[in-house]
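Q: Questions regarding the structure given below will be posed in turn.
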Amino acid sequence: MNDSLLSSLADVVGSGNVVHPPPAEYLTDATGRGLTGTALAVVRPGDARQVEAAVRLCYTAGAAITPRGGGSGVSGGAVPDGGVVLSLERLDRIRHFDPLLWRIEAEAGVTTAHLHRVARESGLMFPPDPGASEQSQIGGNLATNAGGPHAFRHGPTRRWVTGIEAVLAPGELVTIGGPIRKDVAGYDLIGLLVGSEGTLGVITAAWLRLVPAPEAAHVVAGSYATDTAACAAIERILGSGIEAAAVELLDGAAMRLGGASGFPGRATGGALVLAEAEGSLAEAARTRDELIEALGEEALATEVVADRSALWHWREGLSGRLAAVRGAKLSEDVVVPLDRLGDLVAEVLEIGQRQGLEALSFGHAGDGNLHSSFLYDPDVQAEREAALRARDDLLRTTVEMGGSISGEHGLGLVKAGLLGEQWAPAAVAGHEAIKWALDPKALFNPGRKTGSGASL
Ligand SMILES: Cc1cc2nc3c(=O)[nH]c(=O)nc-3n(C[C@H](O)[C@H](O)[C@H](O)COP(=O)(O)OP(=O)(O)OC[C@H]3O[C@@H](n4cnc5c(N)ncnc54)[C@H](O)[C@@H]3O)c2cc1C
């Protein structure tokens, strides 16, 4: 069966685009934790019709399909478990771009950074800004409903999708929505596919909304002696009615371990809050001044960071710098109601102390979304085990606080089956029913997102 499937796939996409055995880089993603999968082959279709034909062949043969974007995911979503890796990298065309109507149609394999650049060149902006933007692709962004710092003001990817083209089971190319700004004719199938982590079908293209890029933007940084004071400053931003574009936190431990190095400002130590003001020249200046005032109370120091792009570049590299401290970091993208932010930050430190590991939190704190992390030496088994225990405690604590075990990375492989920890059985059953309705043979990225019964 394998040989005949691979030869039929080669007839569709060309023999040079069926790569077997699969190169190692297609069997893993950015999660770390030693996650590596197996697959028969990597298949690289060149257009949406080839994706449709490839899916049909796999579905008929009963072969699992793992859609793959840039492989920058951090929950093991693109790590295959047998079957075929369907890489969208060759679907890299901008099909339409109408700057005067603030809209663009991009194929799944267009990188996030390329889309940002295309929009910018016409004075527009695609707001979702997940950190690995040179690597991640629009298909992957949709499949994970990616966020990023500016999701605080602009919302995650879903908010920007007006149309989606996808291949559904058993291999049918469909288009839902399009260059239309409103559509309530059917159930929200776009919403189902966005965030589905490749478990309901393969996204081949999307119509996306754009907005005019802000004329000006300023980042205000506040340093605090304690994490509590930093979290209070974040609540003050909201309480003062300031419409910041991004509100990020690095707790004291994150600053000490990976934040201070290369910070393009004068942070004085302790915890750091970054808040961005954007808008017209006048709006951005007014919001900047309001942020200085709100962040100033209880701060050791506040400043407007002179080099904004260096600041965001430094922020993008933070995760890697933290992982380098002990060789690895086990991080989860938990989210809690904003009034529990300070409790979560404190609890993460306590969990780390109990397990004998350095612990820290950083992330999109204005959304209550933190990348709480435990640093460990991957060569020391006791530390690996301690990190896993710490992570279980973290997820349990998050649910107890009324939060969610995933704010932006998805459940993927690393949290598969844990939905029942935060949803009632009837809700989980509804979730499973959707999977079976759209993927009756359970061949799209099996073992991700759905599945119940795992527990912490
Ligand atoms: C340094 C760093 C910073 C990051 N910062 C952020 C951040 O701020 N916010 C955030 O949300 N994420 C962040 N991420 C995570 C990651 O970049 C995002 O989840 C991104 O959207 C993944 O896109 P990708 O193309 O790399 O997808 P992949 O890793 O290839 O795949 C991710 C999932 O999507 C599925 N998939 C991919 N393409 C398709 C498709 N065309 N059709 C159907 N399913 C598909 C895969 O099967 C998998 O389940 C960060 C990652 C790194 C390494």
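The values are calculated or read from the model by the stated rules, or taken from the named source; none is laboratory data. Remember, it's a predicted structure, so these values are computed and weren't measured experimentally. Cβ atoms come from the backbone with ideal geometry, glycine included; neighbour counts cover every protein chain shown. We work out accessible area using only protein heavy atoms, side chains counted, and drop any ligands, DNA or RNA first. Shrake-Rupley method; radii C 1.70, N 1.55, O 1.52, S 1.80 Å.
Q: List the number of the failed condition for A230; all other conditions in (1) open to solvent by 10 Å² or more (accessible area, probe 1.4 Å); (2) closer than 17 Å to A299 by Cα hold.
A: (1)
Q: Grab the strands (runs of 3 or more DSSP E) fully contained in the stretch 75-165, keeping just those with 2 or more residues being touching a Gly at 6+ places or on another chain (Cβ under 6 Å). Give the derivation first.
A: On the way: elements: 84-87, 94-98, 103-107.
Filter on the stretch 75-165 gives an empty set.
Q: Just to be sure before I move on: is D92 at pLDDT below 95, open to solvent by 40 Å² or more (accessible area, probe 1.4 Å), out of contact with any Leu (no Cβ under 6 Å at 6 or more places or on another chain) and within 12 Å of the ligand (Cβ to nearest atom) in the structure I sent? If you could, list the steps in order and put the result at the bottom.
A: Details: at pLDDT below 95: no; open to solvent by 40 Å² or more (accessible area, probe 1.4 Å): yes; out of contact with any Leu (no Cβ under 6 Å at 6 or more places or on another chain): yes; within 12 Å of the ligand (Cβ to nearest atom): yes.
In short, no.
Q: Which of the numbered conditions does E52 fail, given that it passes all the others? Conditions: (1) closer than 30 Å to R181 by Cα; (2) within 25 Å of the chain's Cα centre (by Cα); (3) within 15 Å of the ligand (Cβ to nearest atom); (4) open to solvent by 20 Å² or more (accessible area, probe 1.4 Å).
A: Tallying (1) closer than 30 Å to R181 by Cα; (2) within 25 Å of the chain's Cα centre (by Cα); (3) within 15 Å of the ligand (Cβ to nearest atom); (4) open to solvent by 20 Å² or more (accessible area, probe 1.4 Å), E52 fails exactly one: (2).
Q: Working only within the stretch 187-209, note down all residues that are within 18 Å of P128 (Cα to Cα) and more than 16 Å from the ligand (Cβ to nearest atom).
A: From the stretch 187-209, those within 18 Å of P128 (Cα to Cα) are 190-191, 193-197, 203, 205-209; that's our starting set.
Correct list: R209 only.
Q: Hey, can you tell me all the residues within the stretch 141-181 that are away from the ligand (no atom under 12 Å from the Cβ), farther than 17 Å from E107 by Cα and hydrophobic (A, V, I, L, M, F, W, C)?
A: A169, I180
Q: Examine the stretch 329-336 for a residue that is in contact (Cβ under 8 Å) with a residue 60 or more places away in the chain, of a type outside the set (V, I, T), within 21 Å of G34 (Cα to Cα) and open to solvent by 20 Å² or more (accessible area, probe 1.4 Å), and state whether such a residue exists.
A: Restricting attention to the stretch 329-336, the residues satisfying the condition of being in contact (Cβ under 8 Å) with a residue 60 or more places away in the chain are 329-336.
Still in the running and of a type outside the set (V, I, T): 329-333.
When the remaining residues are screened for being within 21 Å of G34 (Cα to Cα), the result is 329-333.
Right, trim to open to solvent by 20 Å² or more (accessible area, probe 1.4 Å) and you get 329, 331.
Yes, because at least one residue in the stretch 329-336 is in contact (Cβ under 8 Å) with a residue 60 or more places away in the chain, of a type outside the set (V, I, T), within 21 Å of G34 (Cα to Cα) and open to solvent by 20 Å² or more (accessible area, probe 1.4 Å).
Q: Right, here's the next one. On the basis of being within 14 Å of the ligand (Cβ to nearest atom), touching a His at 6+ places or on another chain (Cβ under 8 Å) and either within 28 Å of A61 (Cα to Cα) or not aromatic (F, W, Y) (or both), does G407 make the cut? Walk me through how you get there before you give the answer.
A: On the way: within 14 Å of the ligand (Cβ to nearest atom): yes; touching a His at 6+ places or on another chain (Cβ under 8 Å): yes; either within 28 Å of A61 (Cα to Cα) or not aromatic (F, W, Y) (or both): yes.
Yes; evaluated as a whole, the condition is true for this residue.
Q: Turning to a different aspect of this structure: Going residue by residue through the stretch 349-369, is there one that turns out to be open to solvent by 50 Å² or more (accessible area, probe 1.4 Å), within 16 Å of the ligand (Cβ to nearest atom) and out of contact with any Cys (no Cβ under 9 Å at 6 or more places or on another chain)?
A: Initially, the stretch 349-369 is screened for residues open to solvent by 50 Å² or more (accessible area, probe 1.4 Å), giving 349-350, 353-354, 356, 358, 367.
With within 16 Å of the ligand (Cβ to nearest atom) added as a condition, the list becomes 367.
Narrowing the set further to residues that are out of contact with any Cys (no Cβ under 9 Å at 6 or more places or on another chain) leaves 367.
So far as the stretch 349-369 goes, yes, one or more of its residues are open to solvent by 50 Å² or more (accessible area, probe 1.4 Å), within 16 Å of the ligand (Cβ to nearest atom) and out of contact with any Cys (no Cβ under 9 Å at 6 or more places or on another chain).
Q: Residue check: is V184 within 10 Å of the ligand (Cβ to nearest atom) and over 30 Å from A277 (Cβ atoms)?
A: Working: within 10 Å of the ligand (Cβ to nearest atom): no; over 30 Å from A277 (Cβ atoms): yes.
No, not satisfied.
Q: Let me ask you something else. List, please: which pairs have Cβ atoms under 8 Å, are six or more places apart or on different chains, and start with a residue in the stretch 415-444 that is at pLDDT 95 or above and end with one that is charged (D, E, K, R) and part of a helix (DSSP H, G or I)?
A: A442/K435
Q: Report whether or not R117 is over 22 Å from the mean Cα position of the chain (by Cα) and either within 16 Å of the ligand (Cβ to nearest atom) or of a type outside the set (A, V, I, L, M, F, W, C) (or both). Step through it out loud before you land on a result.
A: Working: over 22 Å from the mean Cα position of the chain (by Cα): no; either within 16 Å of the ligand (Cβ to nearest atom) or of a type outside the set (A, V, I, L, M, F, W, C) (or both): yes.
No.
Q: Something else: Output yes when any residue across the stretch 309-322 is among the hydroxyl-bearing types (S, T, Y), modelled with pLDDT under 95, more than 15 Å from the ligand (Cβ to nearest atom) and on the phi < 0 side of the Ramachandran plot, and no when none is.
A: Residues of the stretch 309-322 among the hydroxyl-bearing types (S, T, Y): 309, 319.
Now narrow it down to the ones that are modelled with pLDDT under 95: 309, 319.
Filter once more, so that each one left must be more than 15 Å from the ligand (Cβ to nearest atom): 309.
Checking the rest, the ones that are also on the phi < 0 side of the Ramachandran plot come to 309.
Yes; the residues of the stretch 309-322 include at least one that is among the hydroxyl-bearing types (S, T, Y), modelled with pLDDT under 95, more than 15 Å from the ligand (Cβ to nearest atom) and on the phi < 0 side of the Ramachandran plot.
Q: If you check S75, S133, which single one turns out to be under 30 Å from H218 (Cβ atoms) and hydroxyl-bearing (S, T, Y)? Reasoning before the result, please.
A: Numbers: S75 fails: under 30 Å from H218 (Cβ atoms).
Every option except S133 fails the conditions.
Q: Right, I138: more than 10 Å from the ligand (Cβ to nearest atom) and buried (at least 24 other Cβ atoms within 10 Å of the Cβ) or not?
A: Judged against the criteria, I138 is not a match.
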